[in-house]
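Undergrad: Right, I'll just put the structure down here and ask away after.
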Amino acid sequence: MKVFAGNSNRILAESICNYLNIPVGNATVRRFADQEIFVEIKENVRGEDVFIIQSTSYPANDHLMELLIMTDAARRASAQRITAVLPYFGYARQDRKPGPRTPISAKLVSNLITEAGANRVLTLDLHAGQIQGFFDIPTDNLFAVPILARDIKDHYDVSNVMVVSPDTGGVVRARALAKRLDALLAIVDKRRDRPGESEVMNVIGDVDGKDCILIDDIVDSGGTLCNAAEALLKNGATSVTAYITHGVLSGGAVARVTSSKLTELVITDSIQPTTAVQNAHNIRVISTASLIGEAINRTASESSVSSLFD
């Protein structure tokens with residue numbers, strides 16, 4: 001087994017390799033003067049089980065091309081099997097046609113990864129579970145819920161926690177967390193008028209006197225979370241904390257979160273935190289290295305990955 005990494009999240013890749021007790025593979029990923037990407041794998045991978053760790057986070061297109069070219073390089077170097085490890089799978093929000101003459105970009109990206117030479121995909125908290133079906137190769141979708149649940153138990157009195165889904169589409173994820181915590185479940189009903197903007201309409205469930213935990217897979221602009229926090233506090237919640245897997249946090253999202261009524265925003269390191277995120281007083285990052293590392297180890301040894309979540 002050999003593990004390589006692109007430039008999207010070197011810190012996470014190094015943490016994963018520390019868990020596996022192996023070094024990060026020796027590879028060069030750099031750019032020519034015109035910004036074309038050049039990759040060179042500087043060690044023998046013939047007949048090896050190769051894992052390439054790369055989140056397709058900002059700048060998404062650059063990081064996606066790095067992944068594709070690294071995969072092609074490993075394939076042409078006669079790697080026995082190539083697994084694309086995507087802690088964050090970009091373009092996942094474009095998983096259907098919301099209107100006429102629009103693309104299904106998640107399917108296109110899936111095809112690109114497969115055609116580049118990947119034999120397997122390992123990812124974390126896909127925006128929509130059906131994206132697994134977009135790949136024509138085995139795809140393991142890991143869940144961050146066990147990590148989040150453990151952190152909540154370490155920081156909260158679980159007997160007073162209310163798990164809240166910020167929209168109706170996230171109820172399945174929220175229910176899974178509530179089941180692990182043996183907690184009650186509430187839902188925020190919202191209406192989105194334009195992409196990136198949301199208006200909270202109603203809270204379904206009695207949150208009075210509860211420590212509310214908002215759970216979602218992606219925080220981008222932060223508008224949904226901040227509006228949901230205000231609505232929950234108006235309905236009597238004692239505090240509101242958000243646990244999100246992927247901290248995209250684009251534009252002015254960090255400033256929006258730091259000035260909001262959220263007690264804390266907890267995100268994972270699936271996307272490498274920016275300096276602004278690291279300096280924010282109410283944003284905390286928890287590691288997914290042990291989860292992804294164990295999944296890589298089990299994939300390499302042909303053991304069960306799904307049993308991680310039993």
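Undergrad: What is the chain's relative contact order, in percent, from Cα pairs under 8 angstrom and six or more apart in sequence? Intermediate results must be reported in sequence, preceding the final value.
TA: Working: 644 pairs, mean separation 41.8, N = 310.
Rounded, it is 13 percent for the chain.
Undergrad: Let me ask something additional. Contour minus end-to-end for Ser301 and Ser105, with contour as 0.36 nm per residue of separation and end-to-end as the Cα-Cα distance?
TA: 67.3 nm
Undergrad: Taking all protein chains as present, what is the carbon and sulfur share of the accessible area of the chain, in % to the nearest whole number, probe 1.4 Å?
TA: Answer for the chain is 47 percent, counting heavy atoms of protein chains only.
Undergrad: If I histogram all Cα-Cα distances within region 157-310 using bins 5 Å wide from 0, what percent of pairs lands in each bin?
TA: Taking all Cα pairs of region 157-310, the binned fractions are 2, 9, 17, 20, 19, 15, 9, 5, 2, 1, 0 percent.
Undergrad: Given charges of +1 on the Cβ of Lys and Arg and -1 on the Cβ of Asp and Glu, with all other atoms neutral, how large is the dipole of region 38-150 about its Cα centre, in debye to the nearest 20?
TA: It works out to roughly 340 debye.
Undergrad: Further question: Counting only Cα, what are the radius of gyration and maximum Cα-Cα distance Dmax of region 41-182, in Å?
TA: 18.0, 55
Undergrad: Over all pairs of distinct alpha carbons, what does the Kirkwood formula give as the hydrodynamic radius of region 17-112, in Å? List each step's numbers first, then the result.
TA: Details: mean 1/r = 0.0671 Å⁻¹.
It works out to 14.9 Å.
Undergrad: At a Förster distance of 51 Å, what's the computed FRET efficiency of Thr275 paired with Arg96, Cβ-Cβ distance as r, to 0.05?
TA: 0.90
Undergrad: Can you give me the Cα centroid spacing of region 115-141 and region 230-294 in angstrom?
TA: 26 Å
Undergrad: Next up: Suppose we keep just the alpha-carbon trace of region 240-310; what are its Rg and Dmax in angstrom?
TA: So, for region 240-310, Rg and Dmax equal 15.3, 47 Å respectively.
Undergrad: Moving on to the next point. Tally Lys and Arg at +1 and Asp and Glu at -1 over the other residues with C-beta under 10 Å from the C-beta of Gly236: what net charge comes out?
TA: Residues near Gly236 contribute 0 overall.
Undergrad: Let me ask you something else. Kindly report the accessible area of region 1-80 per residue (heavy atoms of protein chains, probe 1.4 Å, no ligands, DNA or RNA), in Å².
TA: Details: 4040 Å² over 80 residues.
Value for region 1-80: 50 Å² per residue.
Undergrad: Once the cut-off is 14 Å, how many percent of the Cα-Cα pairs in region 1-50 end up in the long-distance tail?
TA: Numbers: 695 of 1225 pairs.
It works out to 57 percent of all Cα pairs.
Undergrad: Averaged per residue, what accessible area in Å² does region 125-251 show with a 1.4 Å probe, protein chains only?
TA: 44 Å²
Undergrad: Rounded to the nearest 0.05, what FRET efficiency do Arg46 and Gln132 give with R0 = 45 Å and r taken as the Cβ-Cβ distance? Could you check?
TA: 0.90
Undergrad: Kindly give the semi-axes, whole Å and largest first, of the ellipsoid equivalent to the chain, taking each as the square root of 5 times a Cα gyration tensor eigenvalue.
TA: Gyration-tensor ellipsoid for the chain: 35, 21, 18 Å.
Undergrad: Report the calculated FRET efficiency for Val172 and Ala77 (r = Cβ-Cβ distance, R0 = 41 Å), to the nearest 0.05.
TA: So, using R0 = 41 Å, E works out to roughly 0.50.
Undergrad: Moving on to the next point. Regarding region 108-166, what are the three Cα extents along the principal axes, ordered largest first, in Å?
TA: 49, 21, 13
Undergrad: Of the listed peptides 263-272, 296-305, 179-188, what is their order by residue-averaged count of other C-beta atoms within 10 Å, with the highest listed first?
TA: Highest to lowest by the protection proxy: 263-272, 179-188, 296-305.
The values are calculated or read from the model by the stated rules, or taken from the named source; none is laboratory data. Model, not experiment: these values are computed from the prediction. So basically every Cβ, Gly included, is an ideal-geometry build from the backbone, and we count neighbours across all protein chains shown. Keep in mind that these areas ignore ligands, DNA and RNA; they rest on the heavy atoms of the full protein, side chains included. Shrake-Rupley method; radii C 1.70, N 1.55, O 1.52, S 1.80 Å.
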